[in-house]
Amino acid sequence: MSQDDLARALRDVGCASATKRLVQRWESGYTTNPRPSHARALEKVMGLPIESLGFGTVMAGRSLSGGNDAGHEVSSDIGAVPHERHPGSGLPPQHSGTYSGIWLSRYEFYSSGRKQTFTASHYVVVLQHDDRLTVRSLPGSAKSSLELDLTVDGHVATGVWNERTAPQGYYRGARYHGAIQLLIELTGTRMAGKWVGFGKNFEVNVGPWELILQDRSTSKATIEGFDRPVDK
């Protein structure tokens, strides 16, 4: 298939965000691991597991939304190549001892009202105090506001999340909250795992969540530079 053909086939199986440019990013190696929704669509189109299609390790949490029968298992590929690391970022290959910095937060959720899976992205500031991490979204990065409070134990971060949706958005300023657990790569540049939270009709929902380091600085200039909408 041509790049256009592949993008069209992915859209045909429900991956609405698939474009020729996205396919080019995969083929060039700029994106080393596809998002969970993209991975599922590729598996449907190709008839092969994502691990056999030439990417790096699959992001932790992908198996959850992929409909496997385990349901609660998270990939333990710690220390793999960071997901979508920006070229020229200058990030060191080993963890420097602190998680403070600017991170890209990205989680996936299913909207029962719209019968579609969405990805919510924010730039967040992570501040570390001993084994505690406070995570707060930058107001210009998304229309909703996000907070996480995590405790680090070895290479596992566990805590709670809280999101206030956009006042003029689909959820009309509703507040959602729940629990989260993330596995931390040995490089200290990526955390990936799963969230759990309530939905309407008292059901409990779950989905993948990842944090990807963008910059270790938390200076005013750096924060201002990331206080903008997340690039899609």
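The values are calculated or read from the model by the stated rules, or taken from the named source; none is laboratory data. None of these values were measured; they are calculated from a predicted model. Backbone-built Cβ (ideal geometry, glycine too); neighbour counts: all protein chains shown. For the accessible areas, the whole protein counts, side chains as well, though only heavy atoms, and no ligand, DNA or RNA atoms are used. Shrake-Rupley method; radii C 1.70, N 1.55, O 1.52, S 1.80 Å.
Evaluate the following for Thr151: is it β-branched (Val, Ile, Thr) and not in a strand (DSSP E or B)?
No, not satisfied.
Quick check on segment 175-185. Is at least one of its residues modelled with pLDDT under 90 and surrounded by fewer than 14 Cβ atoms within 10 Å (Cβ to Cβ)?
Scanning segment 175-185 turns up at least one residue that is modelled with pLDDT under 90 and surrounded by fewer than 14 Cβ atoms within 10 Å (Cβ to Cβ).
Of the residues Gly113, Gly173, Gly178, only one is more than 27 Å from Lys220 (Cβ to Cβ) and in a strand (DSSP E or B); which?
Testing whether each residue is more than 27 Å from Lys220 (Cβ to Cβ) and in a strand (DSSP E or B) leaves just Gly178.
If we keep just the residues of segment 128-183 that are in contact (Cβ under 8 Å) with a residue 40 or more places away in the chain and hydroxyl-bearing (Ser, Thr, Tyr), which is nearest to Val230 (Cα to Cα)?
Ser141
Can you work out which of the residues in segment 186-216 that are open to solvent by 20 Å² or more (accessible area, probe 1.4 Å) and among the aromatic types (Phe, Trp, Tyr) is modelled with the lowest pLDDT?
Phe202
Only residues that are open to solvent by less than 40 Å² (accessible area, probe 1.4 Å) and closer than 17 Å to Asp5 by Cα: list them for segment 23-38, please.
Val23, Trp26, His38
Please determine whether any residue of segment 170-186 is of a type in the set (Phe, Trp, Tyr), in contact with a Phe, Trp or Tyr (Cβ under 9 Å, 6 or more places away or on another chain) and under 24 Å from Gln214 (Cβ atoms).
The answer is no, given that none of the residues of segment 170-186 is of a type in the set (Phe, Trp, Tyr), in contact with a Phe, Trp or Tyr (Cβ under 9 Å, 6 or more places away or on another chain) and under 24 Å from Gln214 (Cβ atoms).
Looking at Ser112 and the list (1) among the polar types (S, T, N, Q); (2) free of Cβ contacts under 8 Å to residues at least 60 places away in the same chain; (3) surrounded by fewer than 16 Cβ atoms within 10 Å (Cβ to Cβ), which single condition is not satisfied?
(2)
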